[in-house]
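**Q** Sharing a structure, written as structure tokens. Questions coming.
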Amino acid sequence: MTVKWGQSNFSTVQRGDPVEQIGKVTLTPHQPWYREPWPWILMAGPAAVIVAGAVTIWLAVSSSDGLVADDYYKRGLAINQELRRHQAALDLGVTAGIEARGGVLRVRLTARGAAPEALFAQLVHPTRAGHDQRLRLPRVAPGVYETGLPALPAGRWRMVLEDPRGEWRLTPTLTLPLASGEGNGEGKEGL
């Protein structure tokens with residue numbers, strides 16, 4: 001076996017003139033990075049997280065927590081007085097039928113003893129204190145009290161009915177708008 005000088009078994013064979021091959025570089029056309037879809041697809045996830053975090057921070061800062069009372073400790077101490085007033089309503093046999101139609105709140109009150117000249121009703125929204133309303137209901141007929149009802153969002157509301165002297169109170173739960181038959185005298189609210 002004879003080996004010629006400059007020949008190797010491991011070398012690649014090039015055809016043509018090596019000088020011609022050096023000058024011919026084949027380039028594939030590439031676009032700038034921002035014109036490719038993959039960088040944008042990869043950046044979409046973190047960008048969505050940043051936007052969601054900014055929206056969450058904005059919601060937390062701009063809305064108040066209506067469920068937490070500023071004076072929760074004082075309210076806790078006053079619970080016995082509220083229970084006493086509720087028990088006084090039971091002892092007096094006070095019951096109320098509630099009707100809310102056509103922008104009018106009507107309360108039919110039955111009680112042993114003299115009926116008050118007016119009632120105070122506080123409509124309490126369960127989560128948003130800004131929607132709470134305090135209304136005075138004058139007596140329009142024996143045992144019937146009514147007043148104009150402002151526009152309220154639909155949902156469950158807690159109503160606190162009190163006499164003007166603060167001796168008793170009832171706390172029925174309402175669902176506004178009232179369904180047919182609910183709170184219109186067919187069922188007694190407040191017990």
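The values are calculated or read from the model by the stated rules, or taken from the named source; none is laboratory data. A quick note: this is a predicted structure, and the numbers were derived from the prediction, not measured. Cβ coordinates were reconstructed from backbone atoms using ideal geometry, including for glycine residues, and neighbour counts include every protein chain displayed. Just so you know, the surface numbers come from the protein's heavy atoms only, side chains and all, with ligands and any DNA or RNA stripped out. Shrake-Rupley method; radii C 1.70, N 1.55, O 1.52, S 1.80 Å.
**Q** Before we move on, is residue 53 under 30 Å from residue 126 (Cα atoms), of a type outside the set (A, V, I, L, M, F, W, C) and at pLDDT below 90?
**A** no
**Q** Being in contact (Cβ under 8 Å) with a residue 12 or more places away in the chain, touching a helix residue (DSSP H, G or I) at 6+ places or on another chain (Cβ under 6 Å) and closer than 30 Å to residue 165 by Cα is the requirement here; does residue 131 meet it?
**A** Spelling it out, it is not the case that residue 131 is in contact (Cβ under 8 Å) with a residue 12 or more places away in the chain, touching a helix residue (DSSP H, G or I) at 6+ places or on another chain (Cβ under 6 Å) and closer than 30 Å to residue 165 by Cα.
**Q** Scan segment 32-79 for residues that are assigned to a loop (DSSP other than H, G, I, E, B), open to solvent by less than 70 Å² (accessible area, probe 1.4 Å) and aliphatic (A, V, I, L, M) and jot them down.
**A** 69, 78
**Q** Further question: In segment 104-157, what residues are at pLDDT below 85, outside any strand (DSSP E or B) and either of a type in the set (Gly, Ala, Ser) or at positive phi (or both)?
**A** Passing the criteria: 111, 113, 114, 115, 129, 130, 151, 154.
**Q** Just a yes or no: is a residue in segment 80-101 at pLDDT below 80 and not in a strand (DSSP E or B)?
**A** yes
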